[in-house]
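Beneath this line is the structure, given in structure tokens, with notes to follow.
Quick note: the coordinates plus some simple rules give every number you see, no bench work behind them. This structure is a prediction, so every number in the text was calculated from the model and none was measured. We place every Cβ from the backbone using ideal geometry, glycine too, and count neighbours over all the protein chains shown.
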Amino acid sequence: MTPATRQEVLGLYRKVLQIAKTWQSASGQIEETMREKEYIRNEARTLFQKNKNVTDPKLIKQCIEECQARIEIGLHYNIPYPRPIHLPPMGLAHKQGRTLRHQEKLRKISKPIYLKSHDEVS
């Protein structure tokens with residue numbers, strides 16, 4: 001990892017922790033605000049620890065982009081949790097065969113960048 005990339009990653013981590021410190025839930029309830037602050041801190045800690053040994057520049061860039069996207073979406077919608085994707089339910093496909101494989105492939109391709117690590121951690 002280059003020193004510039006390292007500084008960018010550490011800056012993102014500090015930014016997430018600063019957001020957690022000043023976070024206010026949409027409802028304004030103290031319990032919910034505390035729960036969301038704790039979620040932000042735990043999610044950041046978990047994902048940054050999981051990716052601390054990543055050395056591939058493309059993967060590092062993808063993780064940085066995901067972090068930036070989640071920060072922007074969280075601040076914009078005032079929800080710290082990843083927003084779900086809206087795709088047709090799997091029940092539309094047959095239980096076997098090409099249609100199911102095709103629909104699974106479409107789901108994988110259409111997954112937004114801000115949800116890539118959420119499935120791995122959850």
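Can you tell me which residue within the stretch 46-68, out of those that are among the charged types (D, E, K, R) and under 15 Å from Leu10 (Cα atoms), is surrounded by the fewest Cβ atoms within 10 Å (Cβ to Cβ)? Walk me through it before giving the result.
Of all residues in the stretch 46-68, those among the charged types (D, E, K, R) come to 50, 52, 56, 58, 61, 65-66.
Next cut, under 15 Å from Leu10 (Cα atoms) only: 50, 52, 61, 65-66.
On the way: Lys50: 13, Lys52: 9, Lys61: 12, Glu65: 13, Glu66: 20.
Top of the filtered list is Lys52.
Give me the pairs: first residue in the stretch 1-25 and farther than 25 Å from Tyr81 by Cα, second residue among the hydrophobic types (A, V, I, L, M, F, W, C) and surrounded by 11 or more Cβ atoms within 10 Å (Cβ to Cβ), beta-carbon distance under 9 Å, and six or more apart or on different chains, which are they?
Cβ pairs passing all conditions: Met1/Val9; Met1/Val54; Met1/Ile60; Thr5/Ile60; Thr5/Ile64.
Would you check which residues across the stretch 15-35 are under 29 Å from Leu59 (Cβ atoms) and either loosely packed, with under 11 Cβ neighbours inside 10 Å or touching a helix residue (DSSP H, G or I) at 6+ places or on another chain (Cβ under 6 Å) (or both) and list them?
Val16, Gln18, Ala20, Lys21, Trp23
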